[in-house]
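Beneath this line is the structure, given in structure tokens, with notes to follow.
The values are calculated or read from the model by the stated rules, or taken from the named source; none is laboratory data. Being a predicted model, the structure only gives us computed values, none of them experimental. Ideal geometry is used to build each Cβ from the backbone, glycine not excepted, and the neighbour counts take in all protein chains shown.
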Amino acid sequence: MWTYEKRLQYPVKISKTCPKTAQLIISQFGGPDGELAASMRYLSQRYTMPCKEVAGLLTDIGTEELAHLEIVCAIIYQLTKDMSPEDAKTAGFDAYYIDHTSGLWPQAAGGIPFNACEFQSKGDAITDLFEDLAAEQKARTTYDNILRVVDDPEIKDPIRFLRAREVVHFQRFGEALEKTKDRLDAKNYYYANPEFDKKLFG
């Protein structure tokens, strides 16, 4: 069960309408390396993770990714809430505008809709943790790309915060991987799948 706080994890205060920038940042909503995929990935993987501490970490980070999703959506909303049809057309945001007006809908920057195939939950501790490490690096790279392209400091500020959290999550998943490998070694699993023989794994 979750407790919701009616505030963003990091404040977003954007004063200028810019659908062109929103079209870029929307990738971190519904793109292949975005926050929606991240939250679903970790909150799904936690159930079969054999190490309770690592399952708890997946719950914590998956929950935080929902908060990051909220930040990204706040950025997109503030960039588009006062958008006129002409603004959308000039910015190349008109196709999105036709389908959604200024409503938020998960897609990549290239317009590809969110798809659950963009994340994986294999039920194998090592496989899933490597997936998580890669996911955090890909998200960090996407935020790096956004920071290279976007000039507005009001946008860059929360993006820098989100990027920093990807780095922290990568470090935590690295620690989780080592902890899991140590436990697998202790039971002579040698990085096999303990989920199918839990009585041996303990």
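T3 fulfils the conditions (1) closer than 21 Å to P153 by Cα; (2) outside any helix (DSSP H, G or I); (3) among the β-branched types (V, I, T) except for a single criterion, (1).
Quick check, is S39 assigned to a helix (DSSP H, G or I), touching a residue at least 12 places away in the same chain (Cβ under 8 Å), surrounded by fewer than 23 Cβ atoms within 10 Å (Cβ to Cβ) and within 12 Å of the chain's Cα centre (by Cα)? Criteria met by S39.
Considering the stretch 24-34, the residues that are in a helix (DSSP H, G or I) and in contact with a Ser or Thr (Cβ under 9 Å, 6 or more places away or on another chain) include one that is surrounded by the most Cβ atoms within 10 Å (Cβ to Cβ), namely Q28. Looking only at the stretch 42-84, which residues are among the aromatic types (F, W, Y) and either over 18 Å from F170 (Cβ atoms) or not in a helix (DSSP H, G or I) (or both)? Within the stretch 42-84, Y47, Y77 qualify. Do we find that C73 is closer than 27 Å to E178 by Cβ and either crowded, with 17+ Cβ neighbours inside 10 Å or polar (S, T, N, Q) (or both) in this structure? When the stated conditions are applied, C73 does not pass them.
If the condition is being crowded, with 17+ Cβ neighbours inside 10 Å and among the polar types (S, T, N, Q), then the stretch 147-188 contributes only T180.
Does D144 fit the bill of being touching a Pro at 6+ places or on another chain (Cβ under 7 Å), surrounded by fewer than 20 Cβ atoms within 10 Å (Cβ to Cβ), outside any loop (DSSP other than H, G, I, E, B) and not β-branched (V, I, T)? Against the criterion (touching a Pro at 6+ places or on another chain (Cβ under 7 Å), surrounded by fewer than 20 Cβ atoms within 10 Å (Cβ to Cβ), outside any loop (DSSP other than H, G, I, E, B) and not β-branched (V, I, T)), D144 does not qualify. Kindly indicate whether G111 is assigned to a loop (DSSP other than H, G, I, E, B), free of Cβ contacts under 8 Å to residues at least 24 places away in the same chain and out of contact with any Leu (no Cβ under 8 Å at 6 or more places or on another chain). For G111, the condition - assigned to a loop (DSSP other than H, G, I, E, B), free of Cβ contacts under 8 Å to residues at least 24 places away in the same chain and out of contact with any Leu (no Cβ under 8 Å at 6 or more places or on another chain) - is met. The single condition from (1) β-branched (V, I, T); (2) at pLDDT below 95; (3) exposed (fewer than 14 other Cβ atoms within 10 Å of the Cβ) that I98 fails is (2). Please determine, by comparing only the residues of the stretch 76-88 that are surrounded by fewer than 15 Cβ atoms within 10 Å (Cβ to Cβ) and out of contact with any helix residue (DSSP H, G or I) (no Cβ under 7 Å at 6 or more places or on another chain), which one is nearest to A55 (Cα to Cα). Here the residue is K81.
Inspection of the stretch 161-169 finds no residue satisfying the criterion of being small (G, A, S), touching a Leu at 6+ places or on another chain (Cβ under 8 Å) and over 19 Å from M40 (Cβ atoms).
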